[in-house]
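Trainee: Have a look at this one before I ask anything.
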Amino acid sequence: MKFSTLLTTLLLACAAVGAHAADKVVRYAFRVAETGFDPVQVTDKYSKDVAACIFDAPLEYDLGTRPFKLRPATAAAMPEISADFKSITFRIKPGIYFADDPAFKGKKRELVAQDYVYSIKRHYDPRWKSGNLYLLENAKVLGLSELRKELMAAKKPFDYDREVEGLRALDKYTFQIKLGLGDPRFVQNFSDAGTFGAVAREVVEFYGDKIMEHPVGTNAFRLAEWRRSSKIVLARNPNFRDMVYAEVAPPGADERLKAEVAALQGKKLPLVDRVEISIIEENQPRWLAFVRGEFDVIEEVPPDFAGEAMPRGQLAPNLAKQGIHMQRYPRVDVAVSYFNMEDPVVGGYTPDKIALRRAINLAVDLDKEIRLVRRGQAVKSQGPIPPIAFGGSTEFKTEMSEFDPAKAKALLDLYGYVDKNGDGWRDLPDGSPLVIEYATQPDAQSRQLVEQWQKNMDAIGIRIKFKIAKWPENLKASNAAKLQMWGVGWIGSTPDGDTFLAMGSNKSKGAANKPRFDLPAFEALYDKQKALPDGPERHAVMQEAQRMLVAYAPYKFHVHRIWTDMAQPWVKGYSRNLFVRDVWKYVDVDTAEVPKP
């Protein structure tokens, strides 16, 4: 064991002593550092997961119900939606309060409709550089894009007090959204508190550019401590509304989970007092800390330890003997490598540029990636939409999953990517060196993926170099279009495949659309499916759109991941719903079962 690994493990052990002594605490780790906690600014899974524990969206998903079902969160009831899906009216429950904060000057602050109006408008304010603005602009909220453009052209700050037709508070607790495009699924976005959680205007104005560090919301937890890229501590929000546990066990739940869910009925939420999140990028210390009981939960068992933890997909006998329980589930996600379409080497829409990207994609050996790097914890991707989301299908097949180095070489030869100077490496058609640059991170799994990329590109004679940085640094560079290629994951926040097609929409450039792909023919398909009701016609259009992304190849779609979470025996009610980020308010810890130091 490396000294750094041993030191990390010892420090975690010391921190764990007495952690459960007085309070109920859930301890686990992120494998990637957070970026901050402002719902408007964050786009990564880890930051959103924390933000959703602090902020409330109007709606949420039932934890255990399948098929996935929306229900009111801060809303008094499900919203009123017009027959053409162009008008949505929310009524907020009275008596919900924000956590105390100096911004409120000692007064108790109630959540009102205007807070949601303000929070949605913040996405249109260029100051905050929202990565999720495309979700609103795609639906054409009446008047807001026009207001944004007008003020940007005049170089004026965003006017939050200017009323627009598409977003208004009708009274203290009621707000209405009016859309130019009738989208039957637009309302699903308002279940994601990590994007559309209510933020108080006073808090934003009080903290200004430091708002990422000062999240203040109405949900079950508040931010008690934050050491950037090291530790995040969430503590029970004393102002959290009266809510009791009333969930159901999901279909397929084992007898243990069914009994725990039954025992938790009627208990006041949240069930624990604190959630402590460490940032540990390396797999080994994260896994060892869980095995030794220093973490209560491990989210996504590292693939390196899949054989040890769950041989042949079954919980290892030694872990089962300890009472550890396991949940294995397909993610609504896709792991990709993208090509910057504005880059002079790998970007562009001419046949030679498309051929280069297709050849690179054909040279990627997904079987080896799944077997050697992901340890069987993934399935090949045929396109962006996972099979379990609407628009996806296990029957859908494309070139994207092919491994054919001979075909890749033939494509490169055909379009002039040949070795012109005899040095053994392919050159660009004009004779200049062909070198691609792939951004990556310093953790073990990224190093293993880099090794596969090196072997795959060597096999077809393409030089590849790697740009290594921490994940938040790569994200920042990616959003600014400064990376030529990068490997990243995209996770759905609703059960619909639209968010995965948004990865190719010109309305989401730099956000969902990291490669900045811009093709009118694709955009027409994207807009068409968006307006259709769920059914065979929409499904067919979504598959046609996927095939177009495969053909133009702004991405290499690698895999859809399978995650396995594990929890210690003293953790009760742990059950994952792919669309419930704030799962920790539904999880209990039996302190009597926690080993004493």
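The values are calculated or read from the model by the stated rules, or taken from the named source; none is laboratory data. The shown structure was predicted, so the numbers you read here are calculated from the model rather than taken from an experiment. Heads up, the Cβs are rebuilt from the backbone with ideal geometry, glycines too, and the neighbour counts pull from every protein chain shown. Heavy atoms of the whole protein, side chains included, go into the accessibility calculation; ligands, DNA and RNA do not. Shrake-Rupley method; radii C 1.70, N 1.55, O 1.52, S 1.80 Å.
Trainee: With a probe of 1.4 Å, find how much accessible area region 445-523 has per residue, and write the answer as a whole number in Å².
Mentor: Ligands and nucleic acids excluded, the result is 36 Å² per residue.
Trainee: For region 501-597, with only Lys/Arg (+1) and Asp/Glu (-1) charged at the beta-carbon, what is the dipole magnitude about the Cα centre, in debye rounded to 20?
Mentor: Taking the Cα centre of region 501-597 as origin, the dipole is about 320 debye.
Trainee: May I ask which residue of V199, G180, G217 lies farthest towards the positive end of the charge dipole of region 169-244, with charges of +1 (Lys, Arg) and -1 (Asp, Glu) on Cβ and the Cα centre as origin?
Mentor: G217
Trainee: Can I ask one more? Order V297, V379, most accessible first, counting only protein heavy atoms with a 1.4 angstrom probe.
Mentor: V379, V297
Trainee: For E523 and T174, calculate 0.36 nm times their separation in residues minus their Cα-Cα distance, and state this gained length in nm to one decimal.
Mentor: Going from the current span to full extension adds 122.2 nm.
Trainee: Per the Kirkwood definition applied to all pairs of different Cα atoms, how many angstroms is the hydrodynamic radius of region 38-139?
Mentor: 15.7 Å
Trainee: In addition: With Cβ to Cβ distances under 13 Å as the rule, what net charge do the other residues near Y97 carry (K, R +1; D, E -1)?
Mentor: Summing Lys/Arg as +1 and Asp/Glu as -1 gives 0.
Trainee: Just how much of H325 is accessible, in Å², when a 1.4 Å probe is used and the result is rounded to the nearest 10?
Mentor: The value for H325 is about 20 Å².
Trainee: Where Rh denotes the Kirkwood radius from the mean inverse Cα pair distance, what is Rg over Rh for region 425-569?
Mentor: Reported Rg/Rh (Cα atoms, Kirkwood Rh): 1.02.
Trainee: So, one more: Just to confirm the filter: which trypsin sites (Lys or Arg not before Pro) across region 41-150 are DSSP coil and have at most 16 other Cβ within 10 angstrom of their Cβ?
Mentor: K69, K105, K107, K108, K129
Trainee: Here's a follow-up. Return one whole number: the accessible area per residue of region 33-151 in Å², for a 1.4 Å probe.
Mentor: Accessible area per residue, region 33-151: 36 Å².
Trainee: If you put +1 on each Lys and Arg Cβ and -1 on each Asp and Glu Cβ, how big is the dipole of region 120-168 around its Cα centre, in Debye rounded to 20?
Mentor: Rounded to the nearest 20 debye, it is 220 debye.
Trainee: With charges set only on the Cβ (+1 for Lys and Arg, -1 for Asp and Glu), what does the dipole of the chain come to about its Cα centre, in debye to the nearest 20?
Mentor: 500 debye
Trainee: Continuing with this model, one more query. Reachable lysines from K121, Cα under 16 Å, same-chain residues fewer than 8 places away excluded?
Mentor: Hits, sequence-local ones excluded: K129, K140, K149, K156, K178.
Trainee: Continuing with this model, one more query. Counting helices only, and only those DSSP H runs with n ≥ 4, report the 222 nm mean residue ellipticity of the chain as the sum of -39,500 (n - 2.57) divided by its residues, in deg cm²/dmol to the nearest 500.
Mentor: Taken over the chain, the calculation gives -8500 deg cm²/dmol.
Trainee: Among the GluC sites (Glu not before Pro) in region 95-188, which ones are in a DSSP loop with at most 13 other Cβ atoms within 10 Å of the Cβ? Mind listing them?
Mentor: For GluC sites (Glu not before Pro) across region 95-188 that sit outside H, G, I, E and B with at most 13 neighbouring Cβ atoms in 10 Å, the list reads E163, E165.
Trainee: Cut-off under 20 Å on the C-alpha distance; same-chain residues fewer than 8 positions from K455 excluded. Which lysines are left, in chain and number order?
Mentor: Partners found: K368, K380, K407, K409, K465, K467, K556.
Trainee: To continue, here is another question. What FRET efficiency, computed as 1/(1 + (r/R0)^6) with R0 = 25 Å and r the Cβ-Cβ distance, is obtained for T591 and D254, rounded to the nearest 0.05?
Mentor: With a Förster radius of 25 Å, E is 0.60.
Trainee: May I ask you to give the percent of accessible area on the chain that is carbon plus sulfur, with a probe radius of 1.4 Å?
Mentor: Of the solvent-accessible surface of the chain, carbon and sulfur hold 54 percent.
Trainee: Find the relative contact order for region 374-476 and round it to a whole percent, using C-alpha pairs within less than 8 Å whose residues are 6+ positions apart.
Mentor: Relative contact order comes out at 20 percent.
Trainee: Moving on. Write down the accessible area per residue of region 235-326 in Å², having rolled a 1.4 Å probe over the full set of protein chains.
Mentor: With the other protein chains kept in place, region 235-326 gives 43 Å² per residue.
Trainee: Then there's this: Please work out the Cα convex hull volume for the chain and give it in Å³ per residue.
Mentor: 158 Å³
Trainee: Name the residue from I370, G391, I360 whose Cα lies farthest towards the positive end of the charge dipole of region 360-399, charges +1 on Cβ of Lys and Arg and -1 on Cβ of Asp and Glu.
Mentor: I370
Trainee: Can you tell me the relative contact order of the chain? Whole percent, Cα pairs under 8 Å, sequence separation 6 or more.
Mentor: Relative contact order here is 20 percent.
Trainee: Mind checking which of Y116, V550, G323 is farthest towards the positive end of the chain's charge dipole, using Cβ charges of +1 (Lys, Arg) and -1 (Asp, Glu) about the Cα centre?
Mentor: G323
Trainee: Ignoring ligands and nucleic acids, what accessible area does W453 show with a 1.4 Å probe (Å², nearest 10)?
Mentor: Roll a 1.4 Å probe over it and W453 shows about 10 Å².
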